[in-house]
Amino acid sequence: MLLPFNFVRCAGMIAACLPLFAAAAPAVESQRLYQQNCAACHGEQGDGKSRAQFGLNPPPRDFTAAEAWQELSRERMILSVTHGRPGTAMVGWDNRLGANEIAGVVDYIRSSFMRPPAKTRQVSGQQLYKRHCSACHGDRGNGASWAHNSLNPPPRDFTAAGVAQELTRERMLLAVTHGRTGTAMMPFSRELSATEIETVVDYVRATFMTVPADTDAPTPAALQEPGRARPAADMTAALPGGLRGDADKGRRFYLSNCYVCHGEHGDGQGPRASFIRPPPRNFLAPEARLALNRPELFAAISGGKRGTVMPAWSSVLGEQEIADVAEFVFTAFIAPAPEPQKKKVVN
Ligand code: HEC
Ligand code: HEC
Ligand code: HEC
């Protein structure tokens, strides 16, 4: 009954197909790859001291410098090595190295050459931007990067006319925190603290955008972004069409077909979850518990979620079976009955 998920994963989702999630090649092999392909410019010791350094403008990166530590996240490095840096001698390697080789050589550079600077200062908005955002949005915030022609939709050009009217501070905070479903814009809530997200968003607004005086109040439209800050739903609402779900039957189906992504305990941590962007919904999160009533669950399960790997189960299951699995998700994870005596519903 399992669908061919590997296929769905790549067909549906651009970000999941970026090499960011590839397993790294072994260290010895990566060292060889570095010395063979990269040392001619970046130097055998990774310090940019090579014969090529004087001929190149900008010069190759010195990975041992403090700025390299501050600016180059693993993700940015993988993206730069894969796609190159337009207008520099750093070309993309995706036609010569596999995704796991690129991840391996980046890990080799990070562990062999890059060191945290002696004094750790508070990171500035500019450093955060360079580290986490510029690989896609461009050094000048205008979206001029490899991603411009490779990603659909392309990254935002923050300098374009009218952007400040559309992107309120609130909407930007939401986008950076939670990502944008179905696009390469990933969530940063795990990597960055709430304060860092505010710092980098304020940096983008101050540096690249012409912000009119009064756009900073959240507009109702911004708060109704699909999948974002949803209004709390009526949790007593029944399944559509007078259907009544059988949670026990639903549980069996869930544990053979949904747990691979959403996890046995509904926490979004199934065995496949770490490869999937956007990640499978965590049914235990407060947003889910406020929004996913029975009708919402029924609709999401039968229709799938566009731009994600969540399949439309209506092509596989009948209405009654969808009702059963919706009932199970609702009673086991979204609104579990507070009965400490009773045996737990899952396992
Ligand atoms: C022909 C010379 C050359 C070769 C070969 C080369 N690089 Fe580079 N690399 C550069 C230059 C020049 C830059 C600086 C680009 C810039 O400042 O935007 C750079 C920058 C980088 C960066 C930082 C990118 C960023 O986001 O700022 C990384 C990481 C990197 N190179 C890794 C590698 C790896 C790994 C290899 C081998 C697979 C390699 N380079 C091979 C010239 C080279
Ligand atoms: C892997 C590429 C990538 C990286 C890295 C990235 N973005 Fe994005 N970003 C995108 C794409 C693609 C879009 C367009 C999404 C869309 O049109 O819905 C986008 C859109 C946005 C938007 C507009 C969202 C909206 O509501 O329309 C903001 C704000 C943003 N990014 C900020 C950032 C910040 C800040 C960072 C760094 C912390 C960052 N991005 C890192 C690819 C990226
Ligand atoms: C291949 C991985 C995968 C499988 C298998 C899968 N899901 Fe999902 N599911 C996802 C992803 C990814 C999302 C989208 C999360 C988002 O919108 O950010 C999602 C979203 C959902 C949502 C929507 C939540 C919302 O916010 O609207 C529900 C409900 C759901 N899944 C239930 C199920 C059920 C029930 C099954 C089994 C019948 C299942 N899923 C199987 C990956 C999967």
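The values are calculated or read from the model by the stated rules, or taken from the named source; none is laboratory data. No experiment lies behind these values; they were computed from the predicted model shown. Don't worry about glycine lacking a Cβ; one is built from the backbone with ideal geometry, like all the others, and counts go over all protein chains shown.
General observations
- When region 283-328 is limited to residues that are part of a helix (DSSP H, G or I), within 6 Å of ligand 3 (Cβ to nearest atom) and among the β-branched types (V, I, T), the one that is modelled with the lowest pLDDT turns out to be I301.
- Within region 87-97, considering residues that are loosely packed, with under 15 Cβ neighbours inside 10 Å and not hydroxyl-bearing (S, T, Y), the one nearest to ligand 1 (Cβ to nearest atom): A89
- Comparison of R277, R294 shows that the only residue that is of a type in the set (D, E, K, R), in contact (Cβ under 8 Å) with a residue 12 or more places away in the chain and within 16 Å of ligand 2 (Cβ to nearest atom) is R277.
- Top-ranked residue in region 290-324 [being of a type in the set (K, R) and crowded, with 18+ Cβ neighbours inside 10 Å; ranked as nearest to F253 (Cα to Cα)]: R294
- Failed item, numbered, when G87 is tested on (1) farther than 30 Å from A27 by Cβ; (2) not assigned by TED's automatic domain parsing to the domain that holds N37: (2)
- Failed item, numbered, when A337 is tested on (1) part of a loop (DSSP other than H, G, I, E, B); (2) of a type in the set (A, V, I, L, M, F, W, C); (3) closer than 16 Å to D234 by Cα: (3)
- Selected residue (only one of P153, P187 is more than 16 Å from ligand 1 (Cβ to nearest atom) and touching a His at 6+ places or on another chain (Cβ under 6 Å)): P187
- For first residues located in region 176-192 and of a type in the set (A, V, I, L, M) and within 14 Å of ligand 3 (Cβ to nearest atom), partners that are at pLDDT 85 or above and in a loop (DSSP other than H, G, I, E, B) and lie 6+ apart or on another chain with Cβ distances below 6 Å form the pairs M185/G179; M186/G179.
- Looking only at region 23-38, and only at residues there that are of a type in the set (A, V, I, L, M, F, W, C) and near ligand 1 (Cβ under 10 Å from one of its atoms), the one that is nearest to R96 (Cα to Cα): L33
- Matching residues in region 58-83 - criterion: being within 15 Å of ligand 2 (Cβ to nearest atom) and not hydroxyl-bearing (S, T, Y): Q70, E71, L72, R74, E75, R76, M77, I78, L79, V81, H83
- For region 84-109, filtering for residues that are within 16 Å of ligand 2 (Cβ to nearest atom) and either touching a helix residue (DSSP H, G or I) at 6+ places or on another chain (Cβ under 8 Å) or more than 20 Å from L151 (Cα to Cα) (or both) leaves 6.
- Matching option when the condition is assigned by TED's automatic domain parsing to the domain that holds H137, assigned to a loop (DSSP other than H, G, I, E, B) and touching a Pro at 6+ places or on another chain (Cβ under 6 Å), among T159, T183, T210: T183
- Criterion violated by C258 - all others in (1) surrounded by 20 or more Cβ atoms within 10 Å (Cβ to Cβ); (2) free of Cβ contacts under 8 Å to residues at least 60 places away in the same chain satisfied: (2)
- Condition check for R32: under 29 Å from S274 (Cβ atoms), modelled with pLDDT of 65 or more and more than 30 Å from the chain's Cα centre (by Cα): yes
- Residues that are at pLDDT below 90 and among the hydrophobic types (A, V, I, L, M, F, W, C) were ranked within region 99-135; the one that is farthest from E196 (Cα to Cα) is A118.
- Residue in region 232-241 that is surrounded by fewer than 21 Cβ atoms within 10 Å (Cβ to Cβ), closer than 21 Å to G182 by Cα, outside the structural domain of F188 (by TED's automatic domain parsing) and touching a residue at least 24 places away in the same chain (Cβ under 8 Å) present: no
- Against the numbered list (1) assigned to a helix (DSSP H, G or I); (2) of a type in the set (D, E); (3) within 26 Å of P279 (Cα to Cα), D202 comes up short only at (3).
- As a summary of the residue check, L128 satisfies the conditions (1) buried (at least 17 other Cβ atoms within 10 Å of the Cβ); (2) outside any helix (DSSP H, G or I) except for the one numbered (2).
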